[in-house]
Amino acid sequence: EIENRLLALKTIVMLGDSTKFLEKMLNTDELKLFIEVANVLILQDNKRCKKKLINNLNSGKKDFALESAKLLIEDQNIKAIKFYANYIKRTKEFKATIRGDSLLNAINTIKALPILFDLLKFCYVYRNKIKQDEFSTLNSAVIAALKKIALRNYSNFNKVLKEIHKFIKKYDSQLEGINFLNIVCDNIEKAFFANYSTRLTIDNAKRKVNSF
């Protein structure tokens, strides 16, 4: 039955002018249908859909809340990022796909730094209590998110490195293995300047082409 509903949804979307109908369908109890409808409306930057997704975070319906968080995190919504971080801390569980993808992969906003560093501290404090895959850990996902943010621009790069160094200094005598973050800083620095050099080379090539 759900497959028929999904097929009907695709038909309705193709017909156009279906926004109001889709907004009503956000109230469905079918998770798959909800995801499809929300995806369509999010692409339209629908404000009612975003409001519904934010409300879902506190609905008590775990699956709907997590799927709503996923869509909102892709939109860099801080409430959703905070919700997901709190969910991980509350459940002490971190899930990633076989490829190591997780909701944290989508984060690229500098505004998420306080949440990510709070989660990083959680990683060290509860490292032996978190339910996670040994090859796709919460620690590595948080570090990957920090690196992604740092590589976006020079301002982010400076801010992220500064905060990592502050974090190391603050917890050096409290958290075991924290000095590994010095290597993380080196890797971020190398990656940033490698990207910067590549951009310079491309820009120089464009200027030469334009000068002909």
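Close contacts from the range 114-130, counting a first residue that is among the hydroxyl-bearing types (Ser, Thr, Tyr) and a second that is in a helix (DSSP H, G or I), with Cβ to Cβ under 8 Å and a gap of 6+ residues or different chains, come to Tyr124/Asn139; Tyr124/Tyr171. Pairs linking a residue in the range 14-35 that is within 14 Å of Glu67 (Cβ to Cβ) to a residue that is surrounded by fewer than 17 Cβ atoms within 10 Å (Cβ to Cβ) and at pLDDT below 85, with Cβ atoms under 6 Å and 6 or more positions apart or on different chains, are Glu30/Ile2; Lys32/Ile2; Leu33/Arg5. Considering only residues that are more than 14 Å from the chain's Cα centre (by Cα) and within 28 Å of Phe157 (Cβ to Cβ), look in the range 118-131 and name the one that is modelled with the lowest pLDDT. Filtering the range 118-131 for residues that are more than 14 Å from the chain's Cα centre (by Cα) and within 28 Å of Phe157 (Cβ to Cβ), the one modelled with the lowest pLDDT comes out as Arg127. Of note, Phe94 satisfies the criterion of being within 30 Å of Asn153 (Cβ to Cβ) and either surrounded by 20 or more Cβ atoms within 10 Å (Cβ to Cβ) or out of contact with any Asp or Glu (no Cβ under 7 Å at 6 or more places or on another chain) (or both). Looking across the range 102-136, the residues that are open to solvent by 30 Å² or more (accessible area, probe 1.4 Å) and farther than 23 Å from Ala150 by Cα come down to Val125, Tyr126, Arg127, Asn128, Lys129, Lys131, Gln132, Asp133, Glu134, Phe135. Taking the range 125-149 as the range and being part of a helix (DSSP H, G or I) and closer than 19 Å to Asp101 by Cα as the test, the residues that pass are Leu138, Asn139, Ser140, Ala141, Val142, Ile143, Ala144, Ala145, Leu146, Lys147, Lys148, Ile149.
Checking each residue in the range 138-154 for being of a type in the set (A, V, I, L, M) and closer than 19 Å to Phe94 by Cα picks out Leu138, Ala141, Val142, Ile143, Ala144, Ala145, Leu146. When you scan the range 193-210, do you find a residue that is under 20 Å from Thr109 (Cβ atoms), modelled with pLDDT of 95 or more and in a helix (DSSP H, G or I), even just one? No, the range 193-210 contains no residue that is under 20 Å from Thr109 (Cβ atoms), modelled with pLDDT of 95 or more and in a helix (DSSP H, G or I). Checked against the criteria, Ile2 does not count as over 21 Å from Leu103 (Cα atoms), surrounded by 15 or more Cβ atoms within 10 Å (Cβ to Cβ) and at pLDDT below 85.
Here Leu43, Leu138 are screened, and the one residue that is among the hydrophobic types (A, V, I, L, M, F, W, C) and under 28 Å from Tyr154 (Cα atoms) is Leu138. Residues in the range 137-159 that are of a type in the set (Val, Ile, Thr) and either farther than 14 Å from Lys82 by Cα or open to solvent by 30 Å² or more (accessible area, probe 1.4 Å) (or both): Thr137, Ile143, Ile149.
Does Leu71 qualify as being touching a Cys at 6+ places or on another chain (Cβ under 6 Å), modelled with pLDDT of 85 or more and not hydroxyl-bearing (Ser, Thr, Tyr)? No.
The values are calculated or read from the model by the stated rules, or taken from the named source; none is laboratory data. Note that this is a predicted model, so its numbers are computed, not measured. Positions of Cβ are generated from backbone atoms using ideal geometry, with glycine treated the same way; all protein chains shown enter the neighbour counts. The area values use the complete protein model at the heavy-atom level, side chains included, leaving out ligands, DNA and RNA. Shrake-Rupley method; radii C 1.70, N 1.55, O 1.52, S 1.80 Å.
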